[in-house]
Amino acid sequence: QQQVRQSPQSLTVWEGETAILNCSYENSAFDYFPWYQQFPGEGPALLIAIRSVSDKKEDGRFTIFFNKREKKLSLHITDSQPGDSATYFCAASKNQGGSAKLIFGEGTKLTVSS
Amino acid sequence: EAAVTQSPRNKVTVTGGNVTLSCRQTNSHNYMYWYRQDTGHGLRLIHYSYGAGNLQIGDVPDGYKATRTTQEDFFLLLELASPSQTSLYFCASRWDNQNTLYFGAGTRLSVL
């Protein structure tokens, strides 16, 4: 079963708008949540990550909001740019380093129109 | 910048064929991974390794073998390829005290 779920599957926003990508998970033992960004023809690359002890992580125009009680998180991209058009994967793991396995969601394909 | 190189970038084979996908990383990472990417499923872990000679089973291992010959090299083997294995395959690596995965550019495999 899919332990990490993302919605929507695809999203289109206008340049300058805020894009909101959603993620939920099932296993309450997950404590590390990275988001990976993937451009066509490339492998995914780490964009931003949060640990379960925090409820918010910000890096420039990218912010993760985390709700441990509801087992949900979201990625907000403010002032969206055409260059942000990519597929975004939410992932989760139980512990840091060691033998931790990352479980990925299905991905959200973001298109930013100008 | 971590470097993970996959080869070939594209491969076409027939049902029942024998395929080997190669991955090399030059960052002295301990962990290496093989994922497959399919629409609607995201990235799913096939096999992974924490060092030369080690192999761990992932979440979707059926029909796949893997071998880690050196710290740098990790191979994925499909001995009797089936159309259901048509997919985009990614190799990734990381240090053992960090969670950041560094991915290669992928191998697109078609099984006819």
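The values are calculated or read from the model by the stated rules, or taken from the named source; none is laboratory data. Computed from a predicted model, the values in this text were never measured in an experiment. Every residue, glycine as well, gets a Cβ built from its backbone with ideal geometry; the counts of neighbours run over all protein chains shown. Surface accessibility is based on the protein's heavy atoms, side chains included, excluding ligands, DNA and RNA. Shrake-Rupley method; radii C 1.70, N 1.55, O 1.52, S 1.80 Å.
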Within straight-line cross-link reach of B:Lys65, aspartates and glutamates at Cα separation under 12 Å, skipping those fewer than 8 residues along the same chain: B:Glu79
Drop in accessible area of at least 40 Å² in the complex versus isolated chain, residues of region A:17-51, 1.4 Å probe: A:Tyr36, A:Pro44
Accessible surface of B:Ile57 - all protein chains present, 1.4 Å probe, nearest 10 Å²: 100
Relative contact order [Cα under 8 Å, 6+ residues apart], region A:4-93, whole percent: 37
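Taking all pairs of distinct Cα atoms, average 1/r, flip it, and tell me the Kirkwood hydrodynamic radius of the protein assembly as shown in Å to one decimal place.
Values: mean 1/r = 0.0555 Å⁻¹.
Result for the protein assembly as shown, one decimal place: 18.0 Å.
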Charge-dipole axis of region B:4-104 as Lys and Arg at +1 and Asp and Glu at -1 on Cβ define it, positive-most pick from B:Ile46, B:Val14, B:Ile57: B:Val14
Set of aspartates and glutamates with alpha-carbon distance to A:Lys68 below 13 Å, sequence-local pairs under 8 removed: A:Glu26, A:Asp31, A:Asp55
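For region A:4-93, report the % of Cα-Cα distances exceeding 20 Å. Walk me through the intermediate numbers first.
Values: 1218 of 4005 pairs.
Summing the P(r) tail past 20 Å for region A:4-93 gives 30 percent.
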FRET efficiency for A:Lys56 and A:Gln3, using Cβ-Cβ distance with R0 set to 30 Å, rounded to 0.05: 0.80
Residue-wise HN-Hα coupling along region B:97-112, computed from phi with Karplus coefficients 6.51, -1.76, 1.60 (Hz; x: Gly, Pro): 10, 9, 9, 5, 8, 10, 9, x, 7, x, 10, 8, 10, 10, 10, 8
